[in-house]
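J.: My questions will all concern the structure given below.
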2 protein chains.
Amino acid sequence: MSDFRSLDASEVRYDDRGLVPAIVQDALDGRVLMMAWMNAESLALSLETGSTVFWSRSRQEIWAKGATSGNVQVIEAVSMDCDGDTLLFQVQQVGAGACHTGARSCFDLPPVVEP
Amino acid sequence: MSDFRSLDASEVRYDDRGLVPAIVQDALDGRVLMMAWMNAESLALSLETGSTVFWSRSRQEIWAKGATSGNVQVIEAVSMDCDGDTLLFQVQQVGAGACHTGARSCFDLPPVVEP
């Protein structure tokens, strides 16, 4: 990870809504799990607690990932991109997965449920 | 890749600016290379040409990745997430890398240039 840009939270460039996209990647195998949004408060909470906390655009509230499901994401590394307007989190995904469908990644098809 | 959601371009949910974030991942080793934005036209061009084409928010124009640098991204797979508002491209990155700094990934530190 030493070749990653370190995150200086004061250098993050939020958009006109005060949000920055956060890509979440599985630290074990590099699978992209999800993308969600953070504001300054949720980024600070993520760094303080060591687990991902997002901003829900639909509910307009802080959203601690896994608070309901238990499927928290333990942060292993954070970096920002070359112009500071996108974040990349590498995490240990606890539980079955990141997606509300039960899939490991939000980019996967949901698991088949046998009748 | 067979467990990935296939992309039905008609199901992509663009934001109020007509844009969707596109995460670009190296198909070889899973490294996240960059995140940029697409509108419907640049997504259609990406799928037609087989290489990534984005929408530049700063220049307000179509931006064929690698048109100047030669560092094109040959698309191997495309998927969308569970609510259709984020795209994930897996690509073969041609040339030194994806970043304008010369780094392989926009999330990497730029390469050290010897004096």
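Coordinate-derived values only; no laboratory data. Nothing here was measured: the structure is a model prediction, and the numbers come from that model. Cβ atoms come from the backbone with ideal geometry, glycine included; neighbour counts cover every protein chain shown.
J.: Which one of B:Ser79, B:Ser69, B:Ile23 is farthest out on the positive end of the charge dipole of chain B, using unit charges on Cβ (Lys, Arg +1; Asp, Glu -1) and the Cα centre as origin?
T.: B:Ser69
J.: Mind running the shape call on the protein assembly as shown? Use the C-alpha gyration tensor, a ≥ b ≥ c as the square roots of the eigenvalues: rounded below 1.5 for a/c, prolate if a/b tops b/c, oblate otherwise.
T.: rounded
J.: What whole number of Å gives the distance from the Cα centroid of region A:69-115 to the Cα centroid of region B:12-87?
T.: Cα centroid of region B:12-87 versus Cα centroid of region A:69-115: 20 Å apart.
J.: Still on this structure: In region B:24-115, which trypsin sites (Lys or Arg not before Pro) fall in coil by DSSP and have 10 or fewer other Cβ atoms within 10 Å?
T.: When the trypsin sites (Lys or Arg not before Pro) of region B:24-115 are filtered for loop state and at most 10 Cβ neighbours within 10 Å, B:Arg59 remain.
J.: If I model a spin label at A:Val12 and B:Val94 as a point 7 Å from the Cα along the Cα→Cβ vector, what separation in nanometres do I get?
T.: Output for this residue pair reads 3.6 nm.
J.: Can you sort A:Cys106, A:Cys82 so the residue with the fewest Cβ neighbours within 10 Å comes first?
T.: Lowest count first: A:Cys82, A:Cys106.
J.: What residue among A:Gln90, A:Gln73, A:Gln60 shows peak mean-square fluctuation when chain A is described by a Gaussian network model with Cα springs under 10 Å?
T.: In this elastic network of chain A, the residue with the biggest mean-square fluctuation among A:Gln90, A:Gln73, A:Gln60 is A:Gln60.
J.: Calculate how steeply helix B:40-49 sits against the longest principal axis of the alpha-carbon atoms of chain B, using the helix alpha-carbon long axis, and give the answer as 0 to 90 degrees to the nearest 10.
T.: Its long axis makes an angle of about 70 degrees.
J.: Which value in nm describes the separation of the simple spin-label points at B:Ser58 and B:Val112, placed 7 Å from the Cα toward the beta carbon?
T.: 2.7 nm
J.: Rounded if a/c is under 1.5, else prolate if a/b beats b/c, else oblate: with a ≥ b ≥ c from the C-alpha gyration tensor eigenvalues square-rooted, which is region A:9-93?
T.: oblate
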